[in-house]
Structures are given as structure tokens and as C-alpha cells.
Amino acid sequence: MEIRTLPLDHLGLVSGVFDQLDIADLIDDRLPKKRKHNLGHSVLIKSMILNG
């Protein structure tokens, strides 16, 4: 019997809490898009948090 473990790190937890607390809606309400970019501010901030 061979047992393997894989690290999950914290990225899934942080992303889940970000989504569950609706932080994206708060960010988009406070920082509305003023130009025709493809991504909203909340997507960019979430990616910076996960990358940091």
C-alpha cells in the first residue's frame, strides 16, 4: 500500500474566502471601470493577492 500526499497550499482557501465574502463586489462598487478594459478591478486585485 502506497500513500501519496500532495500540498494544497493556501491559494484555494484564500480564493474561496474572497468569493464567499463577496469582496469582488465591494471592490467593483468602489472602483468602477472607466475605460473599455476586458478585466475588472476585482479580478486584478484577486490575482495580485493570490500571486503575492
Alpha-carbon spread of the chain, three principal axes, descending order, Å: 58, 21, 16
How high is the relative contact order of the chain, in percent, counting Cα pairs under 8 Å that sit 6 or more residues apart? 36
Residue-normalised value, i.e. accessible area per residue, for the chain at 1.4 Å probe, in Å², stands at 97
Ranked from highest to lowest mean number of other Cβ atoms within 10 Å per residue, what is the order of the peptides 29-37, 43-51? 43-51, 29-37
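The values are calculated or read from the model by the stated rules, or taken from the named source; none is laboratory data. These figures come from a predicted structure and were not determined experimentally. Every residue, glycine among them, receives a Cβ derived from its backbone with ideal geometry; neighbour counts consider all protein chains shown. Just the protein is used for accessible areas: all its heavy atoms, side chains included, with ligands, DNA and RNA removed. Shrake-Rupley method; radii C 1.70, N 1.55, O 1.52, S 1.80 Å.
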